[in-house]
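Readers should treat all values here as calculations from the given coordinates under stated rules, not as data from a laboratory. These figures come from a predicted structure and were not determined experimentally. All Cβ positions, glycine included, derive from the backbone under ideal geometry; neighbour counts span all protein chains shown.
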Amino acid sequence: MKTVFSPAFRRIAALLLLIILLVPLVSPFTAPAAETEEREIPALASSSPDDGLITESEVYQYLLSEVLKCKTDIDIADYELDEKEVGELFSTLFYSEAELFFITGGYSFTRYQGSSVVRKISPEYPENVEDVPTLLAEFHELTDAILSQVDPALSDWEKVAFIHDYIALHFDYDHRVESRDEEERANVIYDAYGMLKEGIGVCQAYSLLVRYLLRRLGIECECVSCKELNHEWNVVKLDGSWYHMDVTWDDKDDKGFYGQVSHEFFLASDSFFDAGVGPDRNHHSETGWVSPVRATSGRFDELYVGVTSPFVFTPGAIYALNDGTLSTYDPENDRFDTVLDLNLEWHTFGDPFRVWSGTYAGLWYLNGNLYWNGESEVWSYNPETGTKARVERYHSLSGTIFGMRAETEGCTTRFILALMRDPNSGTVTEAVRTIDGYLITWNVGGETTETVCMPGDVPRYDGSLELASNVFDYTFLQWNTTPRAASKPATYVAMFRMDRNDVTLDGKTLREQYRYLYAAELYLPYSSSGYSDADETVGELNDMVSAYTEKTDAVNTAFYRVLFGEE
């Protein structure tokens, strides 16, 4: 028997079908959660190497602006992207933009039933999404502080060199990624914000930060990834050509070689990048690294392999340590010129007949002079006079100088030397030296602080300490030592006079307080004036030692606060 549907039934069925077709179908997509090892970074892509980058597309820029506003439902229907295209777009966004450190990389999307076009994207934001504007403001403040050090008059090459060397000098690789401890691996830093805050990060953090800083400086820069190497680096564009730049692998500073930066992977072509320089230092293309562009220019190949220091920008020239020489570099003509042959050698465990291969010196420009280190000395060179001088000679059984940092405090130059037994030990002992002044180590209130005193000055505080004391008033007298010779570290101890007041401590008599003072004679000078008429009754002060220690700690802490303006 054949079933016949009534016209009313047909109308209802048609209406239901229309409703089904118009109701959006929600399809969730979530990126893989962060693992405790370096993640594979999806390669950037475009229809061809010459057609431009996905990061420059209109939909990319629109999506980026909306995510930065923490929009929960972002309408992209007008761009007519399918699920695969959305996945590629969002993945590229997440693994390219340093400002998006606050999202997880996961998202969901909606589309109409029967259609491949994605209508909306909903990124996954953190629970404390209301804090994102504050975090972004801090991120911009930290990056602005770096960018403020870049002279706008520098050429694009100079800006790229500055950022490359700055990141390598001021940030370290997060070696927790290699740990067997799950808790340590869980804290590995993959994002640029975490790297700015903590000073460490893995290759993804390096490349994100480099890309962000260079693009802020108006230089095209993208990220490149490799699945097999589980690694990420950058490509930068100079004078119309693209070049590879791997700051992570050029960062020697995190291994204890203070002030040193490798340039083995600085502005390299595809072929040179594949070939590498040393053993196990290659980025083989057959292992799967994919770049959004081709780096065909060999303009800089092999040019910077011997550069082991940062490029130092002085008013008259750019300097670097190149193949063991102090050289100037002309970026317009890609040319190094030797200024001094440094003849530096690092002897193996003090053996005069055996030396380590390589140059382990930092290079700094301060107060008109260039400074670098040898195995036991610090040298200077004045570019204006052409004068080389030995600034400091270091004698120590604790190690050899494998690199240094330098900074200024007023008109005083301060060196921080990295002392190690050998360049492979990775164990660093810092030895601080100064020139043009005295390094003073203050030991006050249990706190150790270093300051610098210029020749002829006496480190002293000529005021009295305003202490709320219920036993004695403490008046600063002088320091118990004064500097004898320049460049010699010293420890200075504050000397006080303790004057009686009329308030007793825990009911102790003035005579007991006098005996209390007498017990402190070996440690602090005092005035006995005013105690001659004290009560002759002498009690036992069982807690004298502990009470004295507690009291002097309080005095020194207060003195520290007055002297340094700190709580």
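Quick notes
- For THR314, distant residues with modelled amide H under 5 Å away: TYR319
- Charge context of ALA317, other residues only, Cβ under 10 angstrom, K/R +1, D/E -1: -2
- For the pair SER122 and VAL355, a Förster radius of 60 Å applied to the C-beta separation gives a FRET efficiency near 0.45, rounded to the nearest 0.05.
- FRET efficiency for ASP323 and ASN187, using Cβ-Cβ distance with R0 set to 41 Å, rounded to 0.05: 0.55
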